[in-house]
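S.K.: Below is one structure. I have some questions about it.
The values are calculated or read from the model by the stated rules, or taken from the named source; none is laboratory data. Quick caveat: nothing in here was measured; it's all calculated off a predicted structure. Here Cβ is always computed from backbone atoms with ideal geometry, including for glycine, and neighbour counts include all displayed protein chains. The accessibility values were calculated without ligands, DNA or RNA, using every heavy atom of the protein model including side chains. Shrake-Rupley method; radii C 1.70, N 1.55, O 1.52, S 1.80 Å.
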Amino acid sequence: MMCSLKMVSPRPPTTLFGLQRQITANGDGFPTFLPKEVKDIKDPFARALAQKIVRIPVPLQMENFRGCVMSSCTKPTVQLPDKSPVVLLHCFDSSCLEWRRAYPLLEEACLETWAIDLWKTYIKRPMILVGPSLGATVAVDFTATYPEAVDKLVLINANAYSEGTGALKDLPKSIAYAGIGRLHCQMPWWEDAMVNFMISGGYNVASHIKLINHKTLVICSENDQIVSNQLSVKLLCELQNAVFREVPDSGHLPHVENPKQFVKLISDFASGKLN
C-alpha cells in the first residue's frame, strides 16, 4: 500500500454475485489482477480455481487508515442462508490455489464454500472455519477472539503449539529476504508480507486452545512428516468439544493428496454425522 496515495474507497457491494469478473484481454479467462505467470499453470484443477478468483473491497480500520482494501477470494456457486458456510484458510507461504482439488468436491457436496475469510462484510453468519498447518493456528486465534463468528472448527495437521517464528524474528531483513525460495504467487508485496511475518514473531496461540468450546474436528494425516501426529492428539485432549479423524494415504496436505476422503470428513462434520 502506497501511503502517499489518496485512496477513494468504493462502497462494498451488497452481494458478491453482483460483481463482474475481471477477465484478461487475451481471453484465457483469468482475472486481470493475477500475475501473468498464471497462464503457464498446467494443473487443470489450479487453472479452474484461478479462473474463479474475484477481488472485492473489504472495510479496514487501522490507526492511520480507514477505508477499503481489495481482497481476493473464490466465491461459492450458491449461497445457502440456512446452513453454515465453509471458509477455507491456507497454509504459510501458500494461496487459495492450495484448495484446488478439494474445492470442487466441497461444492459437489452442496456446501457453500469460500476460500478466504470475508465474514463480517459478506458472509455475516457463523461459519465452519477450516485451517491447515499454520492456517489452523490462525483459525484458533480467530475463534478465540471472535467466537460468535464461528459455528464449527476444523484443524488439519495443526501447528498450534509453535512459539511464533522462533529465531527467525531476529533475522536482519536482508537475510530474511534471501531465505525465501520460490513463491507460490507472484503478487506484488507478497515477499514483503512473508518477511514481515517472519520477523514479527508470528503466532503463539497455545494459551487460547483451552478457551475454545466450539465443536471441533481435529484431522491428522497418516504420513505427515512436518507436524507430529502427537500434537494433534494433544490438541484433541485440550479442546473442550472435539472429535479426531486420520486421513489415510496422505502427507501434510490431505486436502491435496486425498481430497475425496478429506471432503467426506468435512461433509459429515458439517451435517452432524461425526460425533
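S.K.: How much of Thr32 can a 1.4 Å solvent probe reach, expressed as accessible area in Å² and rounded to 10?
M.R.: Counting only protein heavy atoms, the figure is 80 Å².
S.K.: Need one number: nm distance between label points at Arg125 and Val233, each 7 Å from Cα along Cα→Cβ, rounded to one decimal.
M.R.: 3.9 nm
S.K.: Roughly what would the spin-label model give for Leu60 and Thr32, points 7 Å off Cα along C-beta, in nm?
M.R.: 2.1 nm
S.K.: Determine the alpha carbon to alpha carbon distance for each of Lys210/Lys234; Lys152/Lys264; Lys75/Lys124; Lys234/Lys273; Lys215/Lys273; Lys234/Lys264 and list only those over 21 Å.
M.R.: Result: Lys234/Lys273; Lys234/Lys264 exceed 21 Å.
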